[in-house]
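The values are calculated or read from the model by the stated rules, or taken from the named source; none is laboratory data. Source: prediction; values computed, not measured. FYI the Cβ positions are ideal-geometry reconstructions off the backbone, even for glycines, and counts take in every protein chain you see. Just so you know, the surface numbers come from the protein's heavy atoms only, side chains and all, with ligands and any DNA or RNA stripped out. Shrake-Rupley method; radii C 1.70, N 1.55, O 1.52, S 1.80 Å.
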Amino acid sequence: MKLNLDSRILQGIDFLHKVGVNIQPQDLAFFVDKNEILHKKPVQGIKSEVIPTEFGIKMRTVIEPGVKIDYPVALCFGNISHGGEHINEQELIVGEGAEVKIYTFALIGPGQTLHRKDLVTVRIGKNAKVELYDIHYHDRSADINFYAELNAYLDEGAYFYNLLKVTDQKSGKFRTKFYGEVGPRAVAVVEAKMKATEGDDVVVEDIMKLVGEEARGLSKSRIIALDGAKAEFIGEAYGEAPNSRCHIDCAEVVKGENVVLKNIPVLVSTNETAKLTHEASIGKIDKKQLETLMAKGLTEDEATEVVVQGMLR
Amino acid sequence: MGALLEVRNLKYRTEEGKEILKGVNLDVKEGEIHVLLGPNGAGKSTLANLIAGAGGYEEPTEGEIIFDGKVINGKPLYERAKMGLTIAFQEPARFEGITVEEYLKLSARNNPDADIESCLRKVGLDPCHYLYRFVDDSLSGGERKRIELASIMCMKPKLAVLDEIDSGIDFVSIDEIGNLFKTMRDEGTTLLVITHRENIANIADRASLLCDGQIVETGDPRKIIKKFEKECLVCEVQNPSLVKEVKVQNN
Ligand SMILES: Nc1ncnc2c1ncn2[C@@H]1O[C@H](COP(=O)(O)OP(=O)(O)OP(=O)(O)O)[C@@H](O)[C@H]1O
Ligand SMILES: [Mg+2]
């Protein structure tokens, strides 16, 4: 098959390299620039329908029961030459016992003024396993207002891992909301790694509902706020089922001045055998960490960079 | 050989006015393993931090710290490290997202000859299992300490202050860690070792006893261990007879 080497795809690949994703055009299954589909390659085992809309696309992806896709599927949702109002709707249905690992890349090019909504719903069947990596490149010159919503419904014994990473140049005004309903013996792990720089306003909200017996949830966030940034974390856990467990772990680190940080934990238990825990830290980088590195000859700035890069990894 | 580190009449008083170090005098000779003994709360870690410039202890209340012929009072931790003076903390920090390999490479950045894997093996950790582990909470206390020791070997400083690096390490035979210290010494790193373990003190070239913020005696390790056992262990925190003896000496 001849590759469509639209220059925007190459530009997107270039952005990905900048955020440390080493990928080539032939590795991409799908590339859309807002609502203009530039590339779509069939992936064995995946049924996917895409409908372009006025403001974006609607995508429905189905993985049949028992299908195991043993290489990562890479999808790009870009704003390379189109910005403005953008709504990106996706539904992923994974059948019983199926397994898949998906990378979605949100790529925002230079100079875009953008009001974007990513609305994603994932339905994970019994004992199925889904890993979803959502990695962003936001060009520094773009004006970004982004809302990313992820709803996950996990059936019995299902496993879901999600990583959201916005750690490169800027976040913009960025709000992300995860809502998970975790069934019996299912496990949901969601991680957010964010860097907020001057003028950015970041809100990360994780809601875990443990609806099945022995359901497990882990929400882990790492937010680095540099000079003049605002960041907020809201973590909610609802222990509704017997022997369900959820842990919320959020660290918000300040590097610089005029930073506003907020951390709001909400733990609600309606079953006395549920166990919900919350661990939060807000503030400067741990002095002991800096000193342990400075004792090796790193300056304070170098040590800070090492700690921050490690947290955002 | 001459003194690599000279501590002269070092005093440290906290902001609240508590006197922790009351005039410490200590010489660490180039090429020796010098053990610092003393009961809990004697001021060993405070002295170690002042020597390294760590933990907010950059500037003593009084006195001088001379390293390699230069007064280093007030110099920041990393500058002292660049001069070849480092410290392994009693509780080294842990890091998310930093692998053992990266941590050791950072430690070795001014020592191009460092062999990271061999340093790991020397502290009893198999590189195959540990290089790609993170230096985070997933490591046990003993593993973290071993990695700290390996990082000092990678760095190969002129002087390393090791604050209870042996505690929590269950070296099958304690001789193993003693031999490690000897290897480090023979490869050019002078050691000031804070420990509570007699077996470690036994391998030292010299030892000093710190009690109630003062060095009571320096000399042959066996003699110092005896004094420590006979007089300090009797009273865990302060030994009145020792304190009296110190006062007599000072007058
Ligand atoms: N910032 C401080 N404010 C008040 N007291 C302090 C401060 N730092 C240390 N101290 C006290 O000074 C004394 C010496 O502490 P230091 O940690 O140096 O003891 P140490 O000899 O290392 O003890 P250990 O064997 O338990 O490690 C202790 O009594 C300690 O409580
Ligand atoms: Mg101590």
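Below is a table of values for the structure above.
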read-out	value
Any chance B:N111 is in a loop (DSSP other than H, G, I, E, B), surrounded by fewer than 21 Cβ atoms within 10 Å (Cβ to Cβ) and touching a Pro at 6+ places or on another chain (Cβ under 8 Å)	no
Matching residues in the range A:222-244 - criterion: being within 12 Å of A:V260 (Cβ to Cβ) and of a type in the set (D, E, K, R)	A:D227, A:K230, A:E232
Lone qualifier among B:G17, B:G43, B:G31 - being more than 14 Å from chain A (Cβ to nearest Cβ), open to solvent by less than 50 Å² (accessible area, probe 1.4 Å), within 16 Å of ligand 2 (Cβ to nearest atom) and not hydrophobic (A, V, I, L, M, F, W, C)	B:G43
Residue satisfying all of: in the range B:161-200; closer than 19 Å to B:L47 by Cα, within 16 Å of ligand 2 (Cβ to nearest atom) and not in a loop (DSSP other than H, G, I, E, B); nearest to the other protein chains (Cβ to nearest Cβ) among these	B:V161
Which listed residue is in contact with a Leu (Cβ under 7 Å, 6 or more places away or on another chain) and at pLDDT 95 or above, from A:N35, A:N79	A:N79
Pair list, Cβ under 8 Å, 6 or more apart: the range B:152-172 residue acidic (D, E), other residue within 13 Å of ligand 2 (Cβ to nearest atom) and open to solvent by 20 Å² or more (accessible area, probe 1.4 Å)	B:D163/B:S45; B:D163/B:Q90; B:E164/B:Q90; B:E164/B:H196
Residue list for the range B:184-200, restricted to those being within 16 Å of ligand 1 (Cβ to nearest atom) and either out of contact with any strand residue (DSSP E or B) (no Cβ under 9 Å at 6 or more places or on another chain) or open to solvent by 70 Å² or more (accessible area, probe 1.4 Å) (or both)	B:H196, B:R197, B:E198
Residues within the range A:1-44 that are touching a residue at least 40 places away in the same chain (Cβ under 8 Å), assigned to a loop (DSSP other than H, G, I, E, B) and under 27 Å from A:T121 (Cβ atoms), tallied	6
Failed criterion for B:S151 (all others in (1) surrounded by 23 or more Cβ atoms within 10 Å (Cβ to Cβ); (2) out of contact with any Gly (no Cβ under 7 Å at 6 or more places or on another chain); (3) not in a helix (DSSP H, G or I) hold)	(3)
Residues satisfying the stated conditions in the range A:274-297, i.e. of a type outside the set (G, A, S) and not in a strand (DSSP E or B)	A:I285, A:D286, A:K287, A:K288, A:Q289, A:L290, A:E291, A:T292, A:L293, A:M294, A:K296
Tally of residues being away from chain A (no Cβ under 14 Å) and hydroxyl-bearing (S, T, Y) across the range B:46-77	2
Subset tally (residues that are farther than 15 Å from A:T176 by Cα and within 14 Å of chain B (Cβ to nearest Cβ)) for the range A:239-250	2
Residue in the range B:201-221 that is nearest to the other protein chains (Cβ to nearest Cβ), counting only those that are within 12 Å of ligand 1 (Cβ to nearest atom) and within 16 Å of the chain's Cα centre (by Cα)	B:L210
Matching entry among A:E236, A:E205, A:E232, A:E214 (being more than 14 Å from chain B (Cβ to nearest Cβ) and in a loop (DSSP other than H, G, I, E, B))	A:E214
Residue check for B:N9: of a type in the set (S, T, N, Q), open to solvent by 10 Å² or more (accessible area, probe 1.4 Å) and more than 16 Å from ligand 2 (Cβ to nearest atom)	yes
Positions within the range B:41-69 being more than 12 Å from ligand 1 (Cβ to nearest atom) and among the aromatic types (F, W, Y), in sequence order	B:F67
Single residue of the range A:85-143 satisfying the filter (under 16 Å from the mean Cα position of the chain (by Cα), among the polar types (S, T, N, Q) and over 21 Å from A:Y71 (Cβ atoms)) that is surrounded by the most Cβ atoms within 10 Å (Cβ to Cβ)	A:N88
Flag if A:V253 is open to solvent by less than 60 Å² (accessible area, probe 1.4 Å) and either more than 14 Å from chain B (Cβ to nearest Cβ) or closer than 25 Å to B:F134 by Cβ (or both)	yes
Residue among A:G180, A:G239, A:G235 that alone is touching a Pro at 6+ places or on another chain (Cβ under 6 Å) and crowded, with 24+ Cβ neighbours inside 10 Å	A:G235
Residue match in the range B:78-98 (condition: small (G, A, S) and away from chain A (no Cβ under 12 Å))	no
Selection within the range B:123-145 - open to solvent by 80 Å² or more (accessible area, probe 1.4 Å) and charged (D, E, K, R)	B:D137
Pairs where the first residue, in the range B:209-220, is part of a strand (DSSP E or B) and the second is of a type in the set (K, R), C-beta under 9 Å, 6+ apart	B:L209/B:K227; B:L210/B:K44; B:Q214/B:K22; B:V216/B:K227; B:E217/B:K223; B:E217/B:K227; B:T218/B:R206; B:G219/B:R206
Residue check, A:K220 over 23 Å from B:F134 (Cα atoms), assigned to a strand (DSSP E or B) and not small (G, A, S)	no
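For every residue, the table says whether it meets (1) within 16 Å of ligand 2 (Cβ to nearest atom); (2) aliphatic (A, V, I, L, M); (3) open to solvent by 30 Å² or more (accessible area, probe 1.4 Å); (4) closer than 19 Å to B:E143 by Cβ.
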| residue | (1), (2), (3), (4) |
| --- | --- |
| B:Y57 | yes, no, yes, no |
| B:G69 | no, no, yes, no |
| B:Y78 | no, no, yes, no |
| B:E96 | no, no, yes, yes |
